[in-house]
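A.B. asks: Let me give you the structure first, and then I'll get to my questions.
The values are calculated or read from the model by the stated rules, or taken from the named source; none is laboratory data. Keep in mind it's a predicted model, so treat the numbers as computed, not measured. Don't worry about glycine lacking a Cβ; one is built from the backbone with ideal geometry, like all the others, and counts go over all protein chains shown.
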Amino acid sequence: MDEFMEWIDSLRGSGFAATAFKLTLAVIFGGVIGLERGRKRRPAGFRTHILVCMGAALAVSISFYLAELNSGAAVKTDVSRLGAQVINGIGFLGAGTIVVTGRQQVKGLTTAAGLWASACMGLSIGAGYYECAILACITIFLTISVLNNVEKLLTSRTYNMNINVMMTETVHLKNVLDKLHELNVKVYDVEITNVRELRTETPNVIIETRLPARRQHVEIITAIATLDGVISVEEL
């Protein structure tokens with residue numbers, strides 16, 4: 001065990017072996033996070049996370065190399081400068097994964113946050129802080145995979161519920177609202193989209209509701225889906 005720790009300590013510098021180990025570790029750790037995102041067909045997947053993590057590790061490795069190269073110079077190199085630029089620059093890449101759909105849904109926030117966290121993980125790898133990188137990889141992966149099911153479980157039991165109903169014509173909206181009233185569901189807001197030039201072909205209706213106690217989200221969706229004129233029902 002002591003020999004292994006000594007070997008790890010020898011790979012914290014900026015030599016060839018240390019740099020190769022850091023980049024390899026960044027590829028593995030970034031790939032672990034990106035694999036989960038890619039499996040769900042997210043915009044930033046396996047290769048993107050690898051490149052982000054490896055690029056961040058490379059940036060810090062360059063900083064350490066320059067610091068050692070100029071160790072005897074009068075002006076010292078700030079090893080945190082390149083790392084700080086990585087933190088700022090990754091925001092532009094993460095913003096590209098965030099989209100607002102036609103149904104007013106914001107998607108891509110988890111992927112953007114995962115990219116930012118992967119960049120920070122790469123910084124710790126480049127700095128030789130491998131213990132932090134291992135903990136970060138495990139924590140990030142568990143957050144975006146395991147906690148996803150926990151989030152769905154918690155949100156499925158909330159009283160507030162937004163649903164998107166696609167119907168053949170807007171005249172069927174009355175049936176939907178009557179059914180919600182029958183189920184003692186309070187309607188706060190109704191927004192009709194996808195209606196152009198006064199044509200009412202397959203409109204989307206976004207309804208903000210509050211469910212009574214002991215009403216499951218699935219029960220509400222199933223009840224609306226059985227109505228005439230309803231094409232699809234989706235919880236937002």
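A.B. asks: Here are the criteria: (1) more than 23 Å from residue 61 (Cα to Cα); (2) at pLDDT 80 or above. Tell me which single one residue 117 does not satisfy.
C.D. replies: It is condition (1) that residue 117 fails.
A.B. asks: Let me ask something else about it. Residue 20 passes all but one of (1) out of contact with any helix residue (DSSP H, G or I) (no Cβ under 9 Å at 6 or more places or on another chain); (2) among the small types (Gly, Ala, Ser); (3) modelled with pLDDT under 80; which number fails?
C.D. replies: (3)
A.B. asks: What number goes with the only condition from (1) surrounded by fewer than 16 Cβ atoms within 10 Å (Cβ to Cβ); (2) modelled with pLDDT of 80 or more; (3) not in a strand (DSSP E or B) that residue 191 does not pass?
C.D. replies: (3)
A.B. asks: Right, another one. Filter segment 205-234 down to the residues that are modelled with pLDDT of 80 or more and among the charged types (D, E, K, R) and list them by number.
C.D. replies: Within segment 205-234, 208, 210, 219, 228, 234 meet the criteria.
A.B. asks: Same structure again: Using the structure shown, decide if residue 128 is small (Gly, Ala, Ser), modelled with pLDDT of 80 or more, assigned to a loop (DSSP other than H, G, I, E, B) and more than 30 Å from residue 208 (Cβ to Cβ).
C.D. replies: So residue 128 fits the description; yes.
A.B. asks: Oh, and also: Mind checking which residues of segment 216-236 are part of a loop (DSSP other than H, G, I, E, B), over 11 Å from residue 161 (Cα atoms) and not polar (S, T, N, Q)?
C.D. replies: Correct list: 227, 228, 229.
A.B. asks: Okay, moving on. Among the residues in segment 144-158, are any under 16 Å from residue 49 (Cβ atoms), surrounded by 13 or more Cβ atoms within 10 Å (Cβ to Cβ) and at pLDDT 75 or above?
C.D. replies: yes
A.B. asks: Moving to a separate point now. Since residue 202 meets every condition but one in (1) at pLDDT 80 or above; (2) touching a strand residue (DSSP E or B) at 6+ places or on another chain (Cβ under 7 Å); (3) outside any helix (DSSP H, G or I), which condition does it not meet?
C.D. replies: Going through (1) at pLDDT 80 or above; (2) touching a strand residue (DSSP E or B) at 6+ places or on another chain (Cβ under 7 Å); (3) outside any helix (DSSP H, G or I) one by one, residue 202 breaks only (1).
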